[in-house]
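Report on one structure; see the data block that follows.
The values are calculated or read from the model by the stated rules, or taken from the named source; none is laboratory data. The shown structure was predicted, so the numbers you read here are calculated from the model rather than taken from an experiment. Cβ coordinates were reconstructed from backbone atoms using ideal geometry, including for glycine residues, and neighbour counts include every protein chain displayed.
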Ligand code: UDX
């Protein structure tokens, strides 16, 4: 099929590459000329395992192309995806200006029946607004061209995006048009493994499904962080509690890891946006507010532990930081817990020596050159001249370090394990103080 995708961010680029991989002809449109040029040369603007070879291969074979010009893009596609950003505006609602601007552009150019697919995470009711925007342009042109708007949210995880896209758990098709549903069923047929993974529903339910999925996952995390905070105070170890409850299949082991809080481009934004949506229709979403507030506090948890360790005297200390990205296998720093920690440390007069396998460049882009931040080439280099070590992102490379070497390099050997990667006993036996999240045994009061 011929497919056009507006937006070459995570969602657009991965979707475009995977649809091309399945034999479709895909044109990706982006207003950023520099980005389009780089993509044409096979340079991928994001770190995403497995994406580069698919983009290069399909670009070389002519299945995948990039352009800044919307007109030929729209002329190309029977199916046109909208996969542009929906950043939060001042009050936390999703800002639809990019989505609606693409909708108007589509309305300016379509000349035959087109299925317009919303892939961006958008508030309930956006499909109607996109439909109105396109219809408005058609009316201005004085033409009557049929089109349908479908809500088809994505569930890609950064770091696993290609895998998630090629092998989805479910494909949500939100539409009340049989014609559009038929087109999307055909487009997604190769993605159904073993059984049909499509779930067809109306547009509003599809839009809400996306928010509900992310809010549910965020709720699991904040719930476990709350249990961790209780565990710490009652002298229990949340890691044992986690295993104890995860064994119940109704609860499950996934997404119940306590830690330094959730970040990224989705959870913080989507929980807030859903709360605003609820408020807008006269409902106060108390649970969502609590999920957000627990997460907010959790992001300063490591700072509090470090502060307590030093008796409040952090000024002049140097903290080694392992992990900057909001989670492993990405260079994404959006809403990353490391930012809250670093900013709190700097404010208190401490210095940071940080190492991340992928996110140093992005960190430098955000913070620039500053005296209180050294971005290191390796994990152990970060320990050079540091007082204590804090772990914020659970990269595999940090999972079994040489604790004796860490102890010898740190001025005041202590490990602040923001992702509960280590066995507190093993760390303490190696001669380091251990602080984790919700690990009552090691609480120093
Ligand atoms: C998420 C959803 O998983 C995905 O389905 C959706 O499409 C977009 O949002 P992503 O933002 O890539 O994906 O990250 P995810 O792997 O879900 O992790 C989000 C955050 O939660 C990370 O900061 C991670 O460290 C944290 N997390 C995750 C925990 O603190 N504990 C857990 O048990 C799981």
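Descriptive notes on the structure:
- Pairing residues of region 146-171 that are outside the structural domain of residue 48 (by TED's automatic domain parsing) and within 15 Å of residue 21 (Cβ to Cβ) with residues that are assigned to a strand (DSSP E or B) and within 11 Å of the ligand (Cβ to nearest atom), at Cβ distances under 6 Å and at least 6 apart in sequence or on separate chains, gives no pairs at all.
- In region 179-208, the residues that are within 17 Å of residue 155 (Cα to Cα) reach residues that are part of a helix (DSSP H, G or I) with C-beta atoms within less than 6 angstrom, at least six apart or across chains, in these pairs: 200/181; 203/127.
- Cross-chain or 6+ apart pairs with Cβ under 8 Å, region 119-130 first and free of Cβ contacts under 8 Å to residues at least 12 places away in the same chain and assigned by TED's automatic domain parsing to the domain that holds residue 210, then in a loop (DSSP other than H, G, I, E, B) and within 16 Å of the ligand (Cβ to nearest atom): none
- Residue 220 being surrounded by fewer than 23 Cβ atoms within 10 Å (Cβ to Cβ), at pLDDT 95 or above, within 30 Å of residue 150 (Cβ to Cβ) and within 11 Å of the ligand (Cβ to nearest atom): yes
- Of the criteria (1) touching a residue at least 60 places away in the same chain (Cβ under 8 Å); (2) in contact with a helix residue (DSSP H, G or I) (Cβ under 9 Å, 6 or more places away or on another chain); (3) more than 20 Å from residue 166 (Cα to Cα), which one residue 68 fails: (1)
- Taking region 123-145 as the range and being under 30 Å from residue 272 (Cβ atoms) and in contact with a helix residue (DSSP H, G or I) (Cβ under 6 Å, 6 or more places away or on another chain) as the test, the residues that pass are 123, 124, 127, 130, 133, 134.
- Apart from one condition, residue 296 fits all of (1) closer than 24 Å to residue 321 by Cβ; (2) within 13 Å of the ligand (Cβ to nearest atom); (3) exposed (fewer than 14 other Cβ atoms within 10 Å of the Cβ); the exception is (2).
- Any hit, region 423-438, residues being within 16 Å of the ligand (Cβ to nearest atom), part of a loop (DSSP other than H, G, I, E, B), modelled with pLDDT of 95 or more and out of contact with any helix residue (DSSP H, G or I) (no Cβ under 8 Å at 6 or more places or on another chain): no
- Qualifying positions in region 385-412 - over 24 Å from residue 301 (Cβ atoms) and in contact (Cβ under 8 Å) with a residue 40 or more places away in the chain: 385
- Condition met for residue 177 (surrounded by 13 or more Cβ atoms within 10 Å (Cβ to Cβ) and either in the same structural domain as residue 214 (by TED's automatic domain parsing) or out of contact with any helix residue (DSSP H, G or I) (no Cβ under 6 Å at 6 or more places or on another chain) (or both)): yes
Condition check ((1) away from the ligand (no atom under 16 Å from the Cβ); (2) closer than 22 Å to residue 290 by Cα; (3) surrounded by fewer than 20 Cβ atoms within 10 Å (Cβ to Cβ); (4) in the same structural domain as residue 121 (by TED's automatic domain parsing)) across all residues:
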| site | (1), (2), (3), (4) |
| --- | --- |
| 133 | yes, no, no, yes |
| 182 | yes, no, yes, yes |
| 188 | yes, no, yes, yes |
| 210 | no, yes, no, no |
| 247 | no, no, yes, no |
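- Only residues that are surrounded by fewer than 24 Cβ atoms within 10 Å (Cβ to Cβ) and more than 11 Å from the chain's Cα centre (by Cα) were counted across region 335-349, and they come to 8.
- Selection of strands (runs of 3 or more DSSP E) fully inside region 1-117 by the criterion of at least 1 residues being modelled with pLDDT under 95, closer than 22 Å to residue 208 by Cα and in contact with a strand residue (DSSP E or B) (Cβ under 7 Å, 6 or more places away or on another chain) returns nothing.
- Of all residues in region 385-403 being in a helix (DSSP H, G or I) and away from the ligand (no atom under 15 Å from the Cβ), the one that is farthest from residue 334 (Cα to Cα): 403
- Residues (away from the ligand (no atom under 13 Å from the Cβ) and modelled with pLDDT under 95) located in region 250-273: 272
- Any hit, region 321-334, residues being within 21 Å of the chain's Cα centre (by Cα) and at positive phi: yes
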